[in-house]
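The values are calculated or read from the model by the stated rules, or taken from the named source; none is laboratory data. As the structure is a computational prediction, the values presented were derived from the model and not from experiment. No Cβ is skipped: glycine too gets one built from the backbone with ideal geometry, and neighbour counts run over all protein chains shown. Note: accessible area is taken over every heavy atom of the protein model, side chains too, but ligands, DNA and RNA are not part of it. Shrake-Rupley method; radii C 1.70, N 1.55, O 1.52, S 1.80 Å.
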Amino acid sequence: MLPALFISHGSPMLALEPGASGPALARLAATLPRPRAIVVASAHWESDELLIGNGAHPATWHDFGGFPPALYAVQYPAPGAPNLAFEIQTLFGEAGLPARLDSQRPFDHGAWVPLSLMYPQADIPVLQVSLPSRGGPALQTRIGRALTGLREQGVLLIGSGSITHNLGELDWRAGPDVIQPWAGAFRDWVVEKLAANDEDALHDYRRQAPFAERNHPSDEHLLPLFFARGAGTVFSVEHSGFTFGSLGMDIYRFD
């Protein structure tokens with residue numbers, strides 16, 4: 001059975017400058033059974049309602065600005081998974097989570113950047129589900145749980161966000177050994193609660209976790225963690241680290 005994964009996707013430049021995360025993602029992909037399809041809940045597809053991408057050939061969306069031309073030349077031409085999208089819509093409906101199909105949604109960089117490092121041949125069907133971010137952590141947990149059974153059917157479930165994400169406090173000159181104490185404290189609290197399976201504390205992280213608002217001025221980059229956790233139970237850390245002093249690059253696995 002495939003796990004569910006939470007991937008901190010970092011800067012879009014990860015696609016060209018993979019640092020320590022790229023090899024970690026490649027090693028992880030090499031150890032997993034080859035998926036028949038991949039479902040990604042990305043921090044970069046926020047929505048009011050729950051949506052499912054069902055395009056047959058989604059485009060690669062360079063949904064950012066100010067980066068080198070080489071990054072805009074990167075394409076990830078994986079096929080979509082329209083039949084799986086209909087199946088997921090049914091699963092959501094059975095879980096009391098009405099969802100609508102979206103045939104026009106391209107792959108945002110929360111999907112294609114990590115996948116380009118895991119499965120660079122882009123030959124596995126991929127679809128995205130949206131992030132109804134106003135529903136908070138509890139809704140994302142429900143969404144992930146509704147899809148748990150797909151793991152037994154060869155579908156890899158990925159929540160793509162960031163364990164810490166305050167772009168206003170990044171130190172662009174900091175090396176990988178520099179970790180701001182407030183970022184490390186938040187990351188350690190989350191890992192402790194995940195290991196203890198303390199769902200109540202995790203759902204209430206904005207009040208209980210140290211420096212929560214400083215690490216996440218808004219929710220969207222942590223919410224994919226709850227999607228992945230909802231789809232699995234046994235927690236483990238696949239990779240940990242920081243870039244720019246406070247941008248967490250952790251990768252978590254839920255079996």
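Residues in segment 233-255 that are assigned to a loop (DSSP other than H, G, I, E, B), closer than 21 Å to Pro33 by Cβ and either under 14 Å from the mean Cα position of the chain (by Cα) or among the hydroxyl-bearing types (Ser, Thr, Tyr) (or both): 1 in all.
Of the residues making up segment 152-171, those that are among the small types (Gly, Ala, Ser) and either open to solvent by less than 50 Å² (accessible area, probe 1.4 Å) or within 19 Å of Asp188 (Cα to Cα) (or both) are Gly154, Gly159, Ser160, Gly161, Ser162.
For Pro106, indicate whether it is closer than 26 Å to Gly230 by Cα, in contact with a Phe, Trp or Tyr (Cβ under 9 Å, 6 or more places away or on another chain), modelled with pLDDT of 95 or more and surrounded by fewer than 22 Cβ atoms within 10 Å (Cβ to Cβ). In short, yes. Taken together, the criteria exclude Thr141 from residues that are touching a Gly at 6+ places or on another chain (Cβ under 9 Å), touching a residue at least 60 places away in the same chain (Cβ under 8 Å), under 27 Å from Val191 (Cβ atoms) and in a loop (DSSP other than H, G, I, E, B).
Residues in segment 209-220 include at least one that is touching a Phe, Trp or Tyr at 6+ places or on another chain (Cβ under 6 Å) and without any contact (Cβ under 8 Å) to a residue 24 or more places away in the chain. Of the residues in segment 168-185, how many are in a helix (DSSP H, G or I) and free of Cβ contacts under 8 Å to residues at least 60 places away in the same chain? Going through segment 168-185 one residue at a time, the tally reaches 4. Here segment 12-29 is the region considered, the condition is being part of a loop (DSSP other than H, G, I, E, B) and open to solvent by 50 Å² or more (accessible area, probe 1.4 Å), and the residue that is nearest to Pro69 (Cα to Cα) is Leu16.
Restricting attention to segment 78-90, does a residue exist that is in contact with a Phe, Trp or Tyr (Cβ under 9 Å, 6 or more places away or on another chain) and not in a loop (DSSP other than H, G, I, E, B)? Within segment 78-90, not a single residue is in contact with a Phe, Trp or Tyr (Cβ under 9 Å, 6 or more places away or on another chain) and not in a loop (DSSP other than H, G, I, E, B).
Of all residues in segment 30-52, those being part of a strand (DSSP E or B), in contact with a helix residue (DSSP H, G or I) (Cβ under 8 Å, 6 or more places away or on another chain) and over 14 Å from Ser8 (Cβ atoms) number 7.
Within segment 100-109, can one find any residue that is within 25 Å of Leu16 (Cα to Cα), touching a Lys or Arg at 6+ places or on another chain (Cβ under 9 Å) and not in a strand (DSSP E or B)? The answer is no; no qualifying residue exists.
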